[in-house]
Amino acid sequence: MHLNGRGRMGNVRLVVAGLVLMALTACTPEQPAGSATRAPRSTAPSPAERTSLPEPQQATPERGELRFTKIAELERPVAFAVRKGDDRLYVAEQTGRLRTTDGKTVIDLSGEVSSGNEQGLLGVAFHPTGRWVYLDWTDARGDTHITEWAYDGERATGRRDVLKQDQPYANHNGGQLAFGPDGYLYIAFGDGGSAGDPQRNGQSLRTLLGKIVRIDPRGDPYTIPRDNPFAGRRGARGEIWAYGLRNPWRFSFDRATGDLWIGDVGQDAWEEVDHQPASSKGGENYGWSLREGRARFRDGDAPDLVEPVIVYPLREGGNCSVIAGYVYRGQKIPWLRGQFLYGDFCAGWVRAAPAGDVTDSAEVGKVDQLSSFGQGPDGELYALSLQGPIYRIEPA
């Protein structure tokens with residue numbers, strides 16, 4: 001799964017053996033940077049290969065002492081969710097199944113999903129009531145579906161498509177789903193793929209590509225909140241909440257403040273994390289493809305571009321694709337409270353930064369092929385590896 005794209009989660013290079021296994025990087029696997037061809041299918045490690053992988057490196061005491069404890073082994077886990085009144089942890093496997101960490105298969109789309117590096121089952125979220133579950137997945141043609149099932153804790157029934165988005169290329173599919181503090185469903189869409197945003201979707205308000213979308217999924221098939229920033233505006237899609245994004249693979253809400261943190265995978269030079277305060281009314285323009293990170297990417301102007309709060313260089317130290325995590329609000333790791341956790345897919349490092357001063361970050365551990373983070377109902381955090389393991393993040 002390549003988050004990058006020229007493919008990072010689009011244009012990621014697939015590196016095997018002692019290098020980096022399967023990169024969610026800026027270049028499509030096995031394609032040169034800038035390639036617009038569809039990425040070849042990647043191969044998941046066999047169970048034998050997965051069991052021989054080294055455990056994640058633990059942080060040194062001066063960096064905060066985190067431990068990554070394996071709690072489950074699944075097939076290419078990429079997304080994590082919890083359900084109200086349910087103590088099980090739900091994990092989406094890129095190959096098409098929604099499973100619990102105790103082994104139950106809730107939904108199986110493995111016969112319907114596409115199988116490219118940045119395709120498949122990519123996101124999961126439960127309605128705040130726990131009565132419905134939503135999946136973000138790409139079909140055999142590569143197009144994105146947001147699909148709903150009624151769920152009683154045992155069976156998923158009453159399947160219906162809430163939203164469908166055509167995808168012009170195989171990469172940059174985004175995939176994150178999350179219900180915000182306002183009870184609405186937020187959806188991440190990449191810019192449509194290829195390299196360099198050839199269709200200029202990032203800055204166009206006429207498409208959902210390159211956006212974070214905000215809807216009420218319990219409509220027919222959904223409704224657009226009246227206070228969405230572009231609702232009712234001629235020439236703009238009313239579903240849009242924020243734009244100017246390249247491939248916002250993962251985003252999260254701070255459960256204490258409501259702030260939104262967005263990890264946007266970069267193109268040639270910079271990875272970035274964007275921040276939207278809870279006081280926002282939406283409509284922020286995060287700059288792509290006029291800008292990559294804080295640097296100009298192409299000619300053009302737009303007013304009031306919002307600067308990223310974190311940038312780091314692509315490829316340096318093996319960096320390839322940013323993985324946004326959560327602001328820690330649990331109780332088991334006192335020193336980590338109020339810090340934003342994020343990492344990189346290829347380099348594998350995990351860093352913590354105070355939410356009020358993200359420039360003061362420190363590495364706190366490593367997870368090979370870090371694909372996503374998860375947050376439990378108690379605020380404790382988890383890390384997912386595309387190689388299979390699910391880790392609970394604990395004090396050393």
Any residue in region 219-236 that is hydrophobic (A, V, I, L, M, F, W, C) and crowded, with 20+ Cβ neighbours inside 10 Å?
no
For region 60-169, which strands (runs of 3 or more DSSP E) that fit wholly inside it have 3 or more residues that are closer than 28 Å to D197 by Cα?
77-83, 121-126, 132-138, 144-151, 156-165
With respect to the numbered conditions (1) surrounded by fewer than 17 Cβ atoms within 10 Å (Cβ to Cβ); (2) farther than 23 Å from V309 by Cβ, which one is the sole condition not fulfilled by G258?
(2)
So, G158, is that one under 28 Å from G258 (Cβ atoms) and either out of contact with any Lys or Arg (no Cβ under 6 Å at 6 or more places or on another chain) or at pLDDT 95 or above (or both) or not?
no
Which condition does W249 not pass, out of (1) closer than 18 Å to D166 by Cβ; (2) under 20 Å from the mean Cα position of the chain (by Cα), if it passes all the others?
(1)
Could you please find all residues in region 266-282 being touching a Lys or Arg at 6+ places or on another chain (Cβ under 8 Å), more than 22 Å from D182 (Cα to Cα) and not charged (D, E, K, R)?
G266, Q267, W270
Can you name every residue in region 299-332 that is farther than 19 Å from W270 by Cα and crowded, with 17+ Cβ neighbours inside 10 Å?
Y326, V327, Y328, R329, G330
Taking region 142-152 and keeping residues in contact (Cβ under 8 Å) with a residue 24 or more places away in the chain and surrounded by fewer than 19 Cβ atoms within 10 Å (Cβ to Cβ) leaves D143, W149
Residue identified as outside any loop (DSSP other than H, G, I, E, B), more than 20 Å from the chain's Cα centre (by Cα), of a type outside the set (F, W, Y) and under 19 Å from A362 (Cβ atoms) among G263, G325, G330, G317:
G317
Residue count, region 269-286, condition crowded, with 20+ Cβ neighbours inside 10 Å, assigned to a loop (DSSP other than H, G, I, E, B) and touching a residue at least 60 places away in the same chain (Cβ under 8 Å), comes to 0
Filter region 130-162 for residues that are over 21 Å from the mean Cα position of the chain (by Cα) and among the hydroxyl-bearing types (S, T, Y); which is farthest from D216 (Cα to Cα)?
T157
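Yes/no per residue for (1) surrounded by fewer than 21 Cβ atoms within 10 Å (Cβ to Cβ); (2) of a type in the set (A, V, I, L, M, F, W, C); (3) farther than 26 Å from V106 by Cβ:
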position	(1), (2), (3)
E154	yes, no, no
T157	yes, no, no
Q165	yes, no, no
G175	no, no, no
L185	no, yes, no
G193	no, no, yes
P198	yes, no, yes
State which residue is nearest to Q369 (Cα to Cα) when the search covers only region 113-129 and only residues that are surrounded by fewer than 22 Cβ atoms within 10 Å (Cβ to Cβ) and within 21 Å of the chain's Cα centre (by Cα).
S115
Answer yes or no as to whether A236 is part of a loop (DSSP other than H, G, I, E, B), in contact (Cβ under 8 Å) with a residue 12 or more places away in the chain and in contact with a Phe, Trp or Tyr (Cβ under 7 Å, 6 or more places away or on another chain).
yes
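The values are calculated or read from the model by the stated rules, or taken from the named source; none is laboratory data. Predicted model only: the values in this text are computed from it and were never measured. Neighbour counts are summed over all protein chains in view; Cβ atoms, including those assigned to glycine, are modelled from backbone coordinates with ideal geometry.
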